[in-house]
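All of the numbers you see were taken from the coordinates with simple rules; none came from a lab. This is a predicted model, so every value here is computed, not measured. Quick reminder, even Gly has a Cβ in these numbers, built from the backbone with ideal geometry, and neighbours come from all protein chains shown.
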């Protein structure tokens, strides 16, 4: 069995008296990619991560991917005292959600996905990390690798339908790049990290360089065939998972189709699913050019009074509470869309009274993401009573790419949405919760129907709007005394209309395939639920209306880069992680070139 | 990051409340004693009642063992024993008491003193308000069934004997399933 047994590399000694070539704040997809590209170019990089470090063995013990529910004393639940926020709590209250809670620890809703014990040390404790303002389900993971430790793995490319969306429908802004600019970097991400999927030749969802795909269930094949007649596509989940293995990476195994990643909030203890530590950070450490400092919560980009350039990062050592400084010639923010915006807004100085890089006043604004919740559930009649098959040994079910507002023009909304879905037998017969009655008949009913359901849920583009934004709360502070974010963010009419269409279109597609629709969800989940927050420091050509140029470089401060989802100009409806990494690769290659030329 | 759609699936297929009488099981308290474990949270009579109720909800049939063999009552007892939620703990005590109260009303005897037919009649009455519970016994049915379902289908018996789940294995060669052609 090719389990990963390679020990993590030893970290370089942190030397805060040294001026590093670059300091990277954050160790998720964006920070990891920055470290990879810059260390490969020979730059000496210091990475600051706010959370703790789990080494490769500790994270494995945390995730316990193959543990059977009955081998866990609480069937995967965290011990008493832990609480995961529910949809209802996000709905009836405003943040800070953990304020006044009688529970010792409060986690975001992700803890409630059948396995809070596996993420209790990965998700932040909401008690220590409050925020205020409008309702928002903000999911954060503070540890080495951030949210990549448990991400949903759907790895999609954007297209010129996204990058040039304004040209297409007149709304918002175009990105300062086109697909052709980023395509070579998507290719590199595919090859370096591994991705599985099936080529479909769609102009609006470009293919990746796929390793072997995951398979479909018979019900999914049926829907795929039916959709062909409608000019739509159901394709196996495009997963950021190496299914064939990666010869150049000794920390990651290939995927054995264990399905562990989809039974829980996520995570893969053999690291076939991409995570930043094994995919990017450990290999970067092996170059000898990466120094890592965990438990280091950044609260300020330090500015050189004479030059106005960034000179490093002020941070709190969360273990000791001490305030420290890290010095560097280039500062790279990769702390996540919302944390990077918070850090820029916190970095007020005489030169930058509105926060660093914020002469446009756009930092925190044009905040966007994906709206989700609506979907349909179908009963595949011919599957009722069929003997169980292995259907969930895969990192995800299927994806139905966007089909709205490509060639057509919808009367009620612009942009589009895709569906994620799944079907077949799983480890827990979810239908048991909704099957009425009791006794032998109930038990048989559950057994006969366990593998007969198919479900799909929409993920739609939330329009980037200036009036959707975050700023700093004037009063509220986190556990370390750092001012928190305040949300001013709500879905608008376009999103609501789009969500109505998801239900209609979902029903239509299942019924066309001869599947009975037995349930529809029209409820929109709380803002933030998709965990795809984007925007807040968008790229653009005009320094008056954008924060970054096409290389994610601050218009105002040339040695400051923001390489995470902050930079996205619009949300698209495709999941962002692969685009975050392709963009970071492109920008950091440019950064290294400029650095060598002495231009930063 | 996505919510697994599978978790949102809810069957609304019309099912019927015509349960078969569970095969004559040993007295529940005896079963608990036989297992050599004293309940941690419930009293012995409460535990015996819970054990019987859970096994009526998911009984042994020709296909697989039921909730008693799966240790459903033992699991619920353990979770409640360490719970910090005193409201929830109180609901279990009062819920089980409501079952006996209902049984007294219907048959003038405690639930476990009833014949199999009488027990079935009590549970059927408790389950009648499943969609919109009103009486204490109807509310308790929801709670009881929810926990029984979770505990049974996450048990060794539920996963392997009943569901015959095929996953959580290393697939060394081809992945199971069908190609997207």
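Need the C-alpha centroid separation for the stretch A:46-120 versus the stretch A:319-335, integer Å.
27 Å
Angle, helix A:577-596 long axis vs. longest principal axis of chain A, Cα atoms, 0 to 90°, nearest 10?
Helix A:577-596 sits at roughly 20 degrees to that axis.
Quick one: pull the percentage of alpha-carbon pairs in the stretch A:368-421 with a separation above 13 Å.
Cα-Cα pairs of the stretch A:368-421 separated by over 13 Å account for 75 percent.
Along the Cα-to-C-beta direction of residue A:541, a point sits 7 Å from the Cα; which residues of the stretch A:143-185 have their amide N less than 11 Å from that point?
Only A:174-177 fall inside the zone, counting backbone N under 11 Å.
Please tell me the relative contact order of chain A in percent, rounded to the nearest whole number, where contacts are Cα pairs under 8 Å and at least six residues apart. If you can, show how the numbers build up before the last one.
Numbers: 1469 pairs, mean separation 124.7, N = 600.
Across chain A, relative contact order equals 21 percent.
What FRET efficiency would be calculated for the residue pair residue A:6, residue B:164, taking the C-beta separation as r and a Förster radius of 56 Å, to the nearest 0.05?
Values: r = 36 Å, r/R0 = 0.65.
Efficiency computed from Cβ-Cβ geometry: 0.95.
Be a star and scan the stretch A:235-255 for residues whose amide nitrogen sits under 20 Å from the point 7 Å along the Cα-to-Cβ vector of residue A:168.
A:235, A:238
At 222 nm, what helix-only mean residue ellipticity would chain A give, in deg cm²/dmol to the nearest 500, using -39500 (n - 2.57) for each DSSP H run of four or more? Walk me through the numbers before you get to the answer.
On the way: 13 runs with 133 residues, N = 600.
-6500 deg cm²/dmol, from helical runs alone.
I'd like the mean, over residues of A:561-572, of how many other protein chain beta carbons sit within 10 Å of each residue's own Cβ.
Partner-chain Cβ atoms within 10 Å, mean over residues of A:561-572: 0.
Taking neighbour counts of Cβ atoms within 10 Å as a proxy for exposure, in what order, fewest first, do A:247, B:109, B:145 appear?
Ascending Cβ contact count within 10 Å gives the list A:247, B:109, B:145.
How many percent of DSSP beta bridges within the protein assembly as shown run antiparallel, rounded to 5?
Roughly 65 percent of the beta bridges in the protein assembly as shown run antiparallel, per DSSP.
Roughly how many whole Å is it from the C-alpha centroid of the stretch A:224-301 to that of the stretch A:408-457?
Result: 27 Å between the Cα centres.
Tell me, A:538, A:586 in order of fewest to most beta-carbon neighbours within 10 Å? Each step should come with its number before you reach the end.
Details: A:538 28, A:586 23.
Fewest-to-most Cβ neighbours within 10 Å comes out as A:586, A:538.
Looking at the P(r) of the stretch A:57-142, how many percent of alpha-carbon pairs lie beyond 21 Å?
30 percent
For the pair residue A:520 and residue A:94, how long in nm is the line joining their label points, each one 7 Å along Cα→Cβ?
Modelled inter-label distance: 3.4 nm.
Starting from the Cα of residue A:480, move 7 Å in the Cα-to-Cβ direction to define the label point; list residues of the stretch A:35-52 whose amide nitrogen is under 13 Å from there.
Within reach of a label on residue A:480, which here means backbone N under 13 Å from a point 7 Å along Cα→Cβ, the stretch A:35-52 contributes A:48-52.
Report the normalised scattering of the protein assembly as shown as log10 I(q)/I(0) at q = 0.09, 0.11 Å⁻¹, calculated by the Debye formula with identical scatterers on the alpha carbons.
-0.84, -1.20
How many Cβ atoms of partner chains, on average, are near each residue of B:151-162 if near means within 10 Å of its Cβ?
The shielding value for this peptide is 5.
Could you tell me how many degrees, from 0 to 90 and to the nearest 10, lie between the Cα long axis of helix A:29-40 and the main elongation axis, the longest principal axis, of the Cα atoms of chain A?
50 degrees
Which distance in nm do the two modelled labels at residue A:209 and residue B:82 give, with both placed 7 Å along the Cα-to-Cβ direction?
4.8 nm
If I take R0 = 30 Å and measure r between the Cβ atoms of residue A:14 and residue A:104 in this structure, what FRET efficiency does the formula 1/(1 + (r/R0)^6) give, to the nearest 0.05?
0.40
Which of A:539, B:126, A:230 has the fewest other C-beta atoms within 10 Å, and how do the rest follow up to the most?
Exposure proxy ranking, most exposed first: A:230, A:539, B:126.
Where the centre of each part is set by its Cα atoms, how far does the stretch B:55-106 sit from the stretch A:203-220, in angstrom?
45 Å
Along the Cα→Cβ direction, 7 angstrom out, place labels at residue A:183 and residue A:504. What is the inter-label distance in nm?
Going by the 7 Å Cα→Cβ label model, 3.5 nm.
By how many degrees, 0 to 90 and rounded to 10, does the Cα axis of helix A:439-449 deviate from the longest principal axis of chain A?
The angle comes out at about 70 degrees.
Decide, for the stretch A:232-274, between rounded, prolate and oblate: order the square roots of the alpha carbon gyration tensor eigenvalues as a ≥ b ≥ c, take rounded if a/c falls under 1.5, and otherwise choose prolate if a/b is larger than b/c, else oblate.
Note, shape of the stretch A:232-274 comes out oblate.
Mind checking the full-extension length gain between residue A:594 and residue A:55? Use 0.36 nm per residue of separation minus the Cα-Cα distance, one decimal, nm.
190.7 nm
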